[in-house]
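Coordinate-derived values only; no laboratory data. Note that the structure is predicted; figures quoted are calculated from it, not measured. All Cβ positions, even for glycine, are placed from backbone atoms using ideal geometry, and neighbour counts span all protein chains on display.
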Amino acid sequence: VSVASGKLSKVTVTDQAGKEVAGAISADGASWAPSANLSVASQYKVTAQAADDKGVVATAESSFSTLTPKQDAGPHDNIGDNATYGVGMIVRLDFKKPVKNKDDVVKNITFEASDGTVVKGHWFGNQRIDFRPEKFWKSGTKVTVHYRLKSVEVAPDVYGGVDSDETFTIGRDKQSTVDAESHQMTVEKDGQVVQTIPISTGASSPKSWNAYNGTMVIEAREGSAVMDSSTVPGLEGTPYKHPVPHSLRLTDSGTYVHGNNWSDASVFGHENVSHGCIGLRDAPGDKGDDSTPAGKFYADSIVGDVVTVKNSVGDDVKPDNGLSGWNLDWKNW
């Protein structure tokens, strides 16, 4: 808002909901500017008063519309509003278009945690940013994510596309540790060991069957999931495609904790025979049996629960494979 002659004495700008826009008149009285960028695809009403050098006051009203973006980056996250997640939950935000102005994006995404936990983002490439605290969340923490990306130009002529708030809660603290050498999974809840489950994980040979070492997080509860060897690049052995019960996804590349209803019961706790997953004894049938070790573990698991694998002959899981960002130290996050 500007004046050709005289000085502005008062400027009121309101949005289409009637809310006044914060702003200030310049020191010389020649112009007014908003304190923050205006929203795109929006209408505004202006009422301005100005006085000339003789003190004559004039008032003028006008309205204008801001540009309507032709493209938006299509951001989407992995959070369900008012959902409950495990202590290892990482908020993942993916964009359908490459982001160039990363700093502007980060400045317009804020986290509000009930216990004051500080959250920081880390970019994996130019279309994905993950957010987490330095250490696992504390049980009971309520978290609200504030997205204010609608009017952010994330790349030339591409805007963020969304203004929204999403709230989630951190549930009980469940962390499981898989020891590939002893073939056992130790389950802790709220700091106490509650169960040790015999398992069978990735075979030592061939290499493509090795289980990953490192801290992983349940990113999806998939029930009976179809395991298809053709979707795993470089996987050796006889091709397969069949439903597997009680499947909890740990990585994008296809690592699961799941029911195994084809191996003999003597395998669990004694041999590693899987193609890289963590198998728990289950009953025959596409859906297995909820009363088996696999069924009970599945029923008691939520997205965000932590599963750590140690003593495998395999490689360390990469931080961008699923919600595995806990394997990147805070200094480099």
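Indicate the gyration tensor shape class of the stretch 113-255 (rounded, prolate or oblate), computed on the Cα atoms with a ≥ b ≥ c the square roots of the eigenvalues: a/c under 1.5 is rounded; otherwise a/b larger than b/c is prolate and the rest oblate. Present the calculation step by step, with values, prior to reporting the outcome.
Details: a/c = 2.46, a/b = 1.38, b/c = 1.78.
Here the stretch 113-255 falls in the oblate category.
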**Per-residue HN-Hα couplings for the stretch 55-65 [Karplus 6.51, -1.76, 1.60; θ = phi - 60°; Hz; x = Gly/Pro]** = x, 6, 9, 10, 10, 9, 10, 7, 9, 7, 10
**Prompt:** Glu20 versus Val118, label points 7 Å from Cα toward the beta carbon: distance in nm?
**Reply:** 3.6
**Request:** Using Cα centres only, tell me the gap between the stretch 126-184 and the stretch 34-108 in whole Å.
**Result:** 22
**Item:** Relative contact order, percent, the stretch 7-65 [alpha-carbon distance under 8 Å, six or more residues apart]
**Value:** 36
**Message:** Can you match percent of Cα pairs over 33 Å apart to one of these, (1) 43; (2) 67; (3) 24, based on a calculation from the structure here?
**Reply:** (1)
**Prompt:** How large is the charge dipole for the stretch 174-325, taken about the Cα centre, if only the Cβ atoms of Lys, Arg (+1) and Asp, Glu (-1) carry charge, to the nearest 20 debye?
**Reply:** 40
**Subset of Lys138/Lys310; Lys189/Lys287; Lys102/Lys174; Lys120/Lys142 violating a 22 Å alpha-carbon distance limit** = Lys138/Lys310; Lys189/Lys287; Lys102/Lys174
**Request:** Out of all DSSP beta bridges with both ends in the chain, state the antiparallel percent to the nearest 5.
**Result:** 85
**Neighbour net charge for Gln195 - beta-carbon separation under 11 angstrom, K R +1, D E -1** = +1
**Prompt:** Reachable lysines from Lys10, Cα under 25 Å, same-chain residues fewer than 8 places away excluded?
**Reply:** Lys19, Lys45, Lys54
**Prompt:** So how strong a dipole does the stretch 76-170 carry about its Cα centre when Lys and Arg Cβ are +1 and Asp and Glu Cβ are -1, to the nearest 20 debye?
**Reply:** 280
**Request:** Could you grab the relative contact order for the chain? Cα pairs under 8 Å, six or more apart, rounded to a whole percent.
**Result:** 15
